[in-house]
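Undergrad: Dropping a structure here in structure tokens format, bear with me for questions.
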Amino acid sequence: MSYPRLASFKTAQALRDHLRRNDIDIPFDDQRAQPPGSPLARPLEVDGIRVGNRFCILPMEGWDATRDGTPSDLTRRRWRNFGTSGAKLMWGGEAVAVRHDGRANPNQLLMSPRTQASIAALREELGAAHRSRFGPNADGDLFVGLQLTHSGRFARPDMWNRPAPLAATHHPVLDRRVAGGVRVLTDEELDHLADDFVAAARLAHGAGFRFVDVKQCHGYLGHELLGARNRTGRYGGPLENRMRFVRQVIEGIRATVPGLIVGVRLSIFDTIPYRKAENGDGVPEPSSEASQVGFCLLDNDMDEALAESREALTVFERLGVRWICTSAGSPYYNPHVQRPALFPPVDGYDPPEDPLCGVARQIQATARLKAAFPNMVFVGSAYSYLQEWLPHAAQCAVREGLTDFVGLGRVALSYPDLPADVLSGAPLRRQSLCRTFSDCTTGPRMGLVSGCYPLDPFYAARPEALKVKNVRTHMLVNE
């Protein structure tokens, strides 16, 4: 099934009519607010922290660090672009593994005593780029964190095409997708891993980061633990046990690095895994057992699905965590939920719904949690798919209190200057808007670096671009 492209909606009324006909609830303004009156230009002050505007750059891996976990020239280029984007909140930069066996690919950043200085230099280069573009004191209201992760069942630390999963629990569907099955970490191994997160947080603080994100999303280890209902022992079963790991990490950071702020990026709802049907569409796996594992699994009732997220946020708030970045699902087993797109990556499936449904679902879920936890600071996701209409929906969401910050992911690769252009009132560069071709995902799925091959001239000129283009062309021909 095909869905209309966003670029086909030339007027606000045309988009509004489409949303109404299809019962999709995405609030947006007909006109972009002009600076300095835009809600997106308003600073936010929390606990003595001032963040200069409401744009946030979400964490994105580039598969382009060195084998020993230090940044490469490509990594530094991406972080400089983040610095010149105009956004004032940098949610973690990208996922950084806390130890080697937790790397999602052999070229993921790794935080260790040996890599600390180079990752500190990466942060400094981002700040320098921000000052260079916006003024010598512009970084005074820039808030930069580092995302800490262990990839769990999706770990591939030594070869990009050789999984080395360390799972939180057995899964009736996902286990079958790995030849030879998966190994589940023991309680004692999780105890030691919690210490590794705390050690990495101490190094991040020493590297000058203002906060760390203890990653709890996208099917990686922390997120999988939250849904480990079928696990026995101290880390499974009731939610209190399933939160034991993240609680130990946060408490350990608080005790060891009291000056470091802790945030959490959380998949606030999920679905059972999807697979590619014969016609190419994504369909849910038929296994009834799959619904017995997972965190905040969505059936039809969003309020019911968010119940455990509300419980988890209550615990986070009690632990002193105020900064929450919302996401949903996983790029590995339900990418249309996590990252709405019109075109699938090489290992994906055609969207089983209008991607605008996925955007609306994340916006509305974040809004419900923000209403329930008004003292927490929320960053919303899934806005990139809105393309020309992103600023219209973003300013409405912030003005109406649906979120505090608007997170930018893929569009920050194709069009890093988007926040600066919106905040200055400049016309959008339509030719740079992410059209969700998913090449930034197809590249890594082929063992290549990630980048916007169709729209970023720098990546379009690289030799990998032809390989990615050939795969995409082959996919289109065979549809």
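The values are calculated or read from the model by the stated rules, or taken from the named source; none is laboratory data. Everything quoted here is computed from the prediction, not taken from an experiment. FYI the Cβ positions are ideal-geometry reconstructions off the backbone, even for glycines, and counts take in every protein chain you see. Accessible surface areas use protein heavy atoms only, side chains included; no ligands, DNA or RNA. Shrake-Rupley method; radii C 1.70, N 1.55, O 1.52, S 1.80 Å.
Undergrad: With just the Cα atoms defining each centre, how far is the stretch 27-96 from the stretch 404-455? Give it in Å.
TA: For the stretch 27-96 versus the stretch 404-455, the Cα centre distance is 12 Å.
Undergrad: Further, regarding this structure: Give me the three principal axis extents of the stretch 296-361 from the C-alpha atoms, as integers in angstrom, largest value leading.
TA: Computed over the Cα atoms, the extents are 42, 23, 18 Å.
Undergrad: Shifting gears a bit: Return the subset of Lys10/Lys88; Lys215/Lys469; Lys88/Lys215; Lys88/Lys467 for which the Cα-Cα distance in this structure is over 26 Å, preserving the input order.
TA: Beyond 26 Å: Lys10/Lys88; Lys215/Lys469; Lys88/Lys467.
Undergrad: Next question. For the chain, what is the accessible area per residue in Å² when the probe is 1.4 Å? Mind dumping the intermediate values first?
TA: Numbers: 18070 Å² over 479 residues.
Normalised by residue count, the accessible surface of the chain is 38 Å².
Undergrad: Suppose we take every Cα in the stretch 137-191 and form the convex hull; what volume per residue is that in Å³?
TA: Spread over its residues, the Cα hull of the stretch 137-191 gives 157 Å³ apiece.
Undergrad: For Val377, list long-range residues whose amide hydrogen, built 1.01 Å from N in the peptide plane, is under 5 Å from its own amide hydrogen.
TA: The answer is Trp323, Ile324.
Undergrad: Fully extended, how many nm does the chain gain between Ala12 and Ala255 (0.36 nm per residue separation, minus their Cα-Cα distance)?
TA: Residue separation times 0.36 nm, minus the Cα-Cα distance, leaves 82.4 nm.
Undergrad: Can you report the principal axis dimensions of the stretch 357-462 using only the alpha carbons, biggest first, rounded to whole angstrom?
TA: 46, 33, 23
Undergrad: For the stretch 1-48, just the Cα set please: Rg and Dmax, both in angstrom.
TA: 15.7, 50
Undergrad: Set the Förster distance to 41 Å, then compute FRET efficiency between Asp47 and Ala277 from the Cβ-Cβ distance, nearest 0.05.
TA: It comes out at approximately 0.25.
Undergrad: Further question on the same structure: At q = 0.11, 0.21, 0.23 Å⁻¹, what is the base-10 log of I(q)/I(0) for the stretch 259-332 according to the Debye formula with one equal point scatterer per Cα and no solvent? Please give it to two decimals.
TA: -0.37, -0.96, -1.07
Undergrad: For the stretch 104-147, what is the convex hull (Cα atoms) projected area averaged across all directions, in square nanometres?
TA: Averaged projected hull area, Cα only: 3.9 nm².
Undergrad: Now, a different point. With each pseudo-label sitting 7 Å past Cα toward Cβ, what's the Gln431-Arg310 distance in nm, one decimal?
TA: My value for the distance between the label points is 5.0 nm.
Undergrad: With the convex hull built on the Cα atoms of the stretch 388-448, state its orientation-averaged projected area in nm².
TA: Over all viewing directions, the stretch 388-448 projects a mean Cα-hull area of 4.9 nm².
Undergrad: How big is the gap, in Å, between the Cα center of the stretch 253-286 and the Cα center of the stretch 180-220?
TA: For the stretch 253-286 versus the stretch 180-220, the Cα centre distance is 15 Å.
Undergrad: Report the dimensions of the stretch 147-253 along its three principal axes from the alpha-carbon atoms, largest first, rounded to Å.
TA: Cα spread of the stretch 147-253 along its principal axes, largest to smallest: 42, 35, 22 Å.
Undergrad: When the convex hull of the C-alpha atoms of the stretch 44-170 is computed, what volume per residue in Å³ does it have?
TA: So the per-residue Cα hull volume is 121 Å³.
Undergrad: Looking at the stretch 205-309, I'd like the Rg to Rh ratio, where Rg is from alpha-carbon atoms and Rh is Kirkwood's inverse mean 1/r.
TA: Value, to two decimals: 1.07.
Undergrad: Ignoring any ligand, DNA or RNA, what whole percent of the accessible area of the stretch 74-169 comes from carbon and sulfur when the probe is 1.4 angstrom?
TA: Result for the stretch 74-169: 50 percent of the exposed heavy-atom area is carbon or sulfur.
Undergrad: Starting from 0 in steps of 20 Å, tell me what percent of the Cα-Cα pairs of the chain lands in each bin.
TA: 25, 63, 12
Undergrad: Which values, in whole Å and largest first, are the semi-axes of the equivalent ellipsoid of the stretch 233-376 obtained as the square root of 5 times each eigenvalue of the Cα gyration tensor?
TA: Result for the stretch 233-376: semi-axes of 30, 17, 14 Å.
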